[in-house]
Amino acid sequence: MIRLEPRNDVSPAMAYLAPALAVLVTAVAGAAIFAALGKDPVEAMRLFFIQPLGDWFSISEMIVKATPLILIAIGLSFGFRAGVWNIGAEGQFTLGALAGGATGLAFYDVAGLWVLPLMCIAGALAGMAWAAIPALLRTRFNANEILVTLMLSYVAVLLLSVLVHGPLKDPDGFNFPESRLFHDSAILPILLEGTRAHVGFLASLAAVAVAWFVLGRHIFGFQVKVMGQAPRAARFGGFIENKVIWSCLLLSGGLAGLAGVFEAAGPVGQLVPAIPVGYGFTAIIVAFLGRLQPIGILIAGFVMALTYIGGETAQIEMNLPSAITGVFQGMFLFSLLGIDVFARYRLKRIRSAAQAAEGAS
Amino acid sequence: MTAPRLELADVTKAFPGVIANDDVSFSVAPGEMHALLGENGAGKSTLVKMIYGVMRADAGVMRLDGEVYAPNRPSDARARGVGMVFQHFSLFEALTVGENVALGMNAADVGRDLNDQIVRVSDAYGLSLDPARTVGSLSVGERQRVEIVRCLLQNPRLLIMDEPTSVLTPQEVGDLFQTLRTLVSEGCSILYISHKLEEIRANCDRATVLRGGKVVGACDPSEATARSLAEMMVGMELALPAKSATNFGAERLTVKNLSLATDDPFGVELQDISFSVRAGEILGIAGVAGNGQGELLDALSGERKVSHAAIQLDQTPIGSLGPTARRAEGFCAAPEERLGHGAAPDMSLWENTVLSARSSQGMVRGGVLDLGAAKAFAGKVISAFDVRTSGADRHARTLSGGNLQKFIIGREILQQPKVLAISQPTWGVDAAAAAAIHRAIQELAAAGAAVLLISQDLDELMAVSTTFAVIAGGRLSTPQPTDSITVEEIGVLMGGAPDAAKAAS
Amino acid sequence: MDLLQAILQGVIVASTPLVFAAIGEVVAERSGVLNLGVEGMMIMGAIAGFAVTLDSGSYFAGVIAAALAGAAAATVFGLLTQYLMSNQVATGLALTIFGLGVAALIGQGYSGETTPPLPVLPIPLLSDIPFIGPILFAHDPLVYLSVILVFGVAWFLSRTRAGLILKAVGDNHDAAHAIGYRVVLVRMAAIAFGGASAGLGGAYLSIVQTPLWVENMTAGRGWIALAIVVFSAWRPARALMGAYLFGGVTLIQLHIQGLGVEIEAQYLSMLPYLVTIIVLAVISHDKARAKLNAPACLGRSFYASS
C-alpha cells in the first residue's frame, strides 16, 4: 500500500517543477484527446505549442492576449493568497471597458493627451466600484464573495449589451449593436509597428514589478499572506480582516477594470457586446499556474496566451472546434492542482498491521 | 494462571524522523486498573491508538485474552470488546448525544431502544445524560460522559482512557474514579493514560512508564513516591522552580467590569470581570477548558475590542485599542494555540516576529519591511531562549511544540512588555522547556512587569503564580494569594460557584 | 388551462434543473465538501443526456448517461481534492472551466438538433384535482424524480445510519476517522452523488426544457444552485423551496418580456442574478446562525495523520 506523508518543509524544487510538469501532463492528455478526435496528435501539438513561437506576428498576438491575463491575474493573486475569492474579474473587466469606452466616446473627436489617462482612470474606478459590491456584502452582510462576484459578472455582460444596443450605439452604424470606432486620442499607442501589441503591456510589466515588491517587502503583502495562511494569527498580529477583504477586492477590481479599458482602447477599438471573451476566468488559471507569484504569473500569462493562439492555429489548420482552448485550460489547472500535492507530501510505502504481524511471528 | 487481558510484545511504530514506540512490551491483567505513564511525546497516544486500531504497528504482536489481536480499524477493536475514551473527544457537536453514541458503536449493536439504554447505563454508573441534547451545548465534563457511556454500552473487556482528567474539575475527577472502580469490580480492565502522578498513585494497581517511546520501568504506584515516578518519567532529577518575591509594585493592569458577548455559537460570554495585576505579580487563572479563557485572552490581546475603560494599562484606558496599538503601549500577549494563532505555521520564524514585534523592534518603515531587523530579532529570540532550530528561515511548523512555544514566549518577553498575558504556556511541552518558560516568566515579573497566566494545569499555577483566581462560566473569582488557597476551594470555584467560595472564606 | 395555472406549472419545469443540482450539492456539502464545479457537472450532464438521447432515441439511456457524466466529472474533482488534497475552491473552478470546454467540444456536432419533448405522465386521480392537480401532478417523469430525490435525501439524512455517518463526517472529520469511519470514501460517494444529480439537472435543461443543445446553456444555473444551498441552510426541503423560488424569478422575467412591457430584455435577464445576490446577503446576514447551520468541516481538506 502507498500513502502520502506530509513533508516537513515545502519542497522548493517541486514548487518550481510543478507548473512545468503540469504543462507536460496537459500536453500528453491533450495529445490523447486529439488522437481520440481522429487528428494527428504530433502535428496538433506542434501547431498548438510550437508554431505560434515561430514568427513575430504570432508573438505580438501573444503579447496582446497576455496583457489582460497578466494584469488581471496579478490583482487576483493578492486576494487568492488572502482567501478572498474574486472569481468575477470578467465582470469588473467588462465594467472597466464600458466606463473607459464611454468616457472616450463622451469626448469623441476631442484631441488631447489627457483623454487616454482619463479613460484609464474611469475604467479602473468602474472595476473597483463593481468589486466594491461584493466587498460590502461580504464585510457587512457576510455574503459569500465567490457567488456574488460571479453573479455580478453575468449582470455586467448584460449591462454592456443593453448599453451598446441603446445609448452607446453608433448613430451611423446601420443599427448594429456597436459603438462608434474610438478616435485617435482614445486609442492606445502601438508598441511594435504593424502589430496589435499596445502600451498596455508595459502597464502589465509594471504591475508585475510592483506586486513583486509589495509581496516580498511591503507590510501589505505580508498582511495578505498571513491572512490567507492563518487568519487567527493575522488577527493576533493586529491585522483587520475587513480591511484586507476591501483592499484585495478593490485592487483586483481596479486592475481588471484597467485591463478592460486596454482591451477596448487597444485591439478592439470600440465597444461591442463581445468584449468580454473570458479573460477574467482564464486569469484565474494564470494566477494559479503562476503559483500566485508575480514572476510566475508573467510566465503563466504567456503560456495561457499560447493556448489561445495555438488553439486558433489548430482550429484553422486542423478544423478543430474552438472549445479546445477551454478544455486545455481546464486540464492545465487540474494537472497543476494534482501535481501540487507532491510539493507538500511525499509518497511512502507502508505495510498493514496484518502484514506486520505475519512478518514478526 | 489465566492469560492477561491485554499483552503487548515488542510493539514498534515509527514516523518519519522519529520512533514513537520502540519494542514496547507490557501486560494488563483482567480487572486491573493499569496506568501508562509518560511525558507528552513519550509515545503513549501512539501506543493506545494502535491498541484501538486507529493506527497499525510496524512490528510486534498484541494478544487479547491470549488470542492474537491485530485490529485494522476501530470497529475491529470494538467487536473484540475494546473501548476507548479519547483525550480530544471524538464527538460531533452538531449531533445529539444519542446520535453520537450510535456513531461510536458497531452498527449491529445499535438497537431501536438505544436512547433508553443510554439513560439506563448512565444512571447505573452515575453519569446523568439526556440523549436528545445537542453535544455542542454540553459542558466538557458532560461530553466526557458521552464518550464513556458510548463505551459502556458495548460491555467492554478493556477500556482505554487517554488523559481523561485533564479537562475535569477535582469533583468531577472524583466522580470519574467512582465510575471506573465500579467497572473494575465487574472485571473490566482499564488502561489509564496520564501524566498526573497523584491520581495514578491513588487509583491504579500497576503502572508502566514510557520515555522516548521505550518502556523504562514498571511499578506499583501506591508504593512509589510522586517524586520517584516523576524522575522515572523525565529521566532526570527535578528542581522545582522557586517562588518569586511577593513585594509587589504599583497596579499595572486594571480590568474593570469587563463583559464580552461571544460570537461563537458554542462560546462563553464574559460577565463583569474585574481584577488588577501589580508590578512583579503573576496572577494565575485556573479553570476547566471552555469557561471563557479564550474569550478573556482575546479581550486582553485586543483581538476583540471592549469598552475603552474596561482595560487599563498603568491607569490609561486601552479597551478599545487593537492589538498593534496595545503592543505599542507595552501590552503583549501569547495565546493558547501555538500553530495558527500565536504563529503562522507556514511562515519562517523571522516572518513570525513581524507578526507581533514589528512596531516595537522597528521592522517597518513607511510600510516597507526591514528584513534585516526582523532576522536580527528572530536570531536574538532563538539564542536567548535556546530555541532548537537550524535557523530563522525555518518555517514555524517544523519546530517541536516546546521549541515553538519558547520562540513565541521569547518573542513577547524580549519586547520587554509592561504587561504580559499568556495562556497555557506549557501545554504539550517537555519538562525542560517548561522549566525554562516558567523561569522566563518569573524573571519578567521580577523585573517589574505584571503577568497574567491562564492555565488548566493546577500544578503549574501553584508553582509559578503569586496570586490565584478561577474562571468559571465566564466569571472570575476574587484573586487571592496562591499560598493561602486550598485544593478544596479551587474545586468549588472550578465547579462554578464563586460566591459560595467567597462566603466560605 | 388559465394563465396562472400555466405559469405555475412552468415554474416547476423551469426550477427542476435547479432542484437536481441543489439537492446533489446539499449532500456533498453535508459531507464537508464544497464543490464549486456544479456548473461544469451540469453542462456535462446536459451534453451527455442530449447526445445519447438523440443518438439512441431513448430518453432513459440519455438520462442515465447524463447522471454518469456528471458523476464522472465529480469523481475527477473527488480524486483531486480527497486523495491529492488540492484546494476545493480552485479545483471546483477548474471543473467548471473544463466541463464547459469538454461539453462544447462534444456538442459541436449537435448544434441545431432537437429532441422530441419528453411525454407528460399525469398521475391518475391527483392530476384531476381542480387547479392544483395540473400544476403539481401533470409533469414528465423527471420532475417527479427530482421531488422524490429531495424527499429521499431528507429521509436518508435524518433516518438512516449511513446518513448519520455522512453528517458526522461533515461535522468533524477527525473524530469520524478516530472512531473508524472512512472519511474519504464517504466523501467520494457524496461527491459522486452530487455530480450525478447535477448531471440530471443539466439533462433536464437540454432534453426537456429547451429541448436543444446550445453552448454554455446552463448560463450560471450551477452557481445559482450553490446559492440555493446556502439559502436552504443545508436542508433538503428548503432547497426544494429555494429552487422553486429562483425558478419562479426566471420564469416571471420571461413572462414580463412576453407581455411586451417597455423595458429592455437584458434588464429582466439580470433579475435572477440580482435576486440571488440579495437573497444571499439577507440569508448570510446573521453570522452566528450561518455558522451554526453550515457543516463545520465544509471546504476543509482531510488528512489522516495515522
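Please treat every number below as a calculation from the coordinates, not as lab data. As the structure is a computational prediction, the values presented were derived from the model and not from experiment. When we count neighbours, we look across all protein chains shown, and the Cβ atoms used for this are built from the backbone with ideal geometry, even at glycine.
Annotations
- For chain B, alpha-carbon Rg relative to the globular expectation (2.2 N^0.38 Å, N residues): 1.02
- Residue exposure sequence - A:V115, B:V387 - by fewest surrounding Cβ within 10 Å: A:V115, B:V387
- In chain A, the longest principal axis of the Cα atoms and the axis of helix A:294-318 are about 70 degrees apart.
- Ordering of C:18-30, A:26-38, C:244-256 by burial proxy (mean other Cβ atoms within 10 Å per residue, highest first): C:18-30, C:244-256, A:26-38
- Shape box of segment A:51-152 [Cα atoms, principal axes, largest first, Å]: 48, 42, 20
- Amide H contacts of B:A35 (H built 1.01 Å from N, in plane; Pro and chain starts excluded): B:Y192, B:D205, B:R206, B:A207, B:T208 sit under 5 Å, all sequence-distant by 5 or more or on other chains.
- Extents of segment B:285-385, largest first, come to 39, 31, 23 Å (Cα atoms, principal axes, whole angstrom).
- Two-site FRET efficiency, B:D272 against C:D174, from Cβ-Cβ distance with R₀ of 41 Å, rounded to 0.05: 0.70
- The relative contact order of segment A:153-216 comes to 15 percent, based on Cα pairs under 8 Å that sit 6 or more residues apart.
- Per-residue [θ]222 nm for chain B (sum of -39500 (n - 2.57) over DSSP H runs n ≥ 4, rounded to 500): -9500 deg cm²/dmol
- Local charge for B:G126 was computed over the other residues whose Cβ lies under 12 Å away, with Lys and Arg +1 and Asp and Glu -1, and equals -1.
- Neighbouring Cβ atoms from other chains, within 10 Å of the Cβ of residues in C:128-135, number 0 on average.
- Extension reserve of the B:K418-B:S307 stretch, reckoned as 0.36 nm per residue once the Cα distance is removed: 37.9 nm
- Start at zero, step by 20 Å, and the Cα-Cα distances of the protein assembly as shown spread as 11, 36, 35, 16, 2, 0 percent across the bins.
- Span-like helix ranges in chain C, DSSP H, alpha carbon extent 20 angstrom or more, Kyte mean at least 1.0: C:3-30, C:38-56, C:59-78, C:88-107, C:141-159, C:183-203, C:265-284
- Going from the fewest other Cβ atoms within 10 Å to the most, the residues C:L142, A:L17 appear in the order A:L17, C:L142.
- Look at the dipole of chain B built from charges on Cβ: of B:V464, B:A392, B:V140, the Cα furthest out on the positive end belongs to B:A392.
- Dipole of segment A:93-202, positive direction: furthest Cα of A:G104, A:P134, A:N175, with charges on the beta-carbon: A:P134
- Counted by Cβ distance under 15 Å from A:G96, the other residues give a net charge of -2, where Lys and Arg count +1 and Asp and Glu count -1.
- Taking N as the residue count of segment B:108-193, its C-alpha radius of gyration divided by 2.2 N^0.38 Å amounts to 1.07.
- Förster radius 60 Å - calculated FRET efficiency between B:D10 and A:L53, Cβ distance, rounded to 0.05: 0.45
- Inter-chain shielding of C:273-280 (mean C-beta neighbours from other protein chains, 10 Å cut-off): 6
- At 0.890 mPa s and 25 °C, Stokes D of chain C from Kirkwood alpha-carbon radius, µm² per second: 125
- Length released on extending from B:V68 to B:V140, taking residue separation times 0.36 nm less the Cα-Cα span: 22.3 nm
- Sorting C:110-122, C:128-140 by average packing, meaning the other beta carbons within 10 Å per residue, from highest down gives C:128-140, C:110-122.
- What you get for the protein assembly as shown, charging only the Cβ of Lys and Arg (+1) and of Asp and Glu (-1), is a dipole of about 1120 debye around the Cα centre.
- Basic side chains Lys and Arg get +1 at the Cβ, acidic Asp and Glu get -1 at the Cβ, and with that the dipole of chain C about its Cα centre reaches some 1220 debye.
- Among B:H438, C:H285, the order by Cβ neighbours within 10 angstrom, fewest to most, reads C:H285, B:H438.
- The Cβ shell under 14 Å around C:W234 holds other residues with a net charge of +3, Lys and Arg each +1, Asp and Glu each -1.
- Anisotropy class assigned to chain A is oblate, per the alpha carbon gyration tensor with a/c at or over the 1.5 cut-off and a/b no larger than b/c.
- Chain C - percent relative contact order, Cα under 8 Å, separation 6 or more: 37
- Positive-end residue, chain A charge dipole about Cα centroid, Cβ charges, pick of A:A230, A:L53, A:V327: A:A230
- Ordering of A:160-171, B:280-291, C:6-17, A:245-256 by packing [mean C-beta count within 10 Å, highest first]: A:245-256, B:280-291, C:6-17, A:160-171
- The mean count of C-beta atoms from other chains within 10 Å of the C-beta of residues in B:256-263, rounded to a whole number, is 1.
- Relative to the Cα centre, the charge distribution of segment B:368-425, modelled as +1 at Lys and Arg Cβ and -1 at Asp and Glu Cβ, gives a dipole magnitude of about 80 debye.
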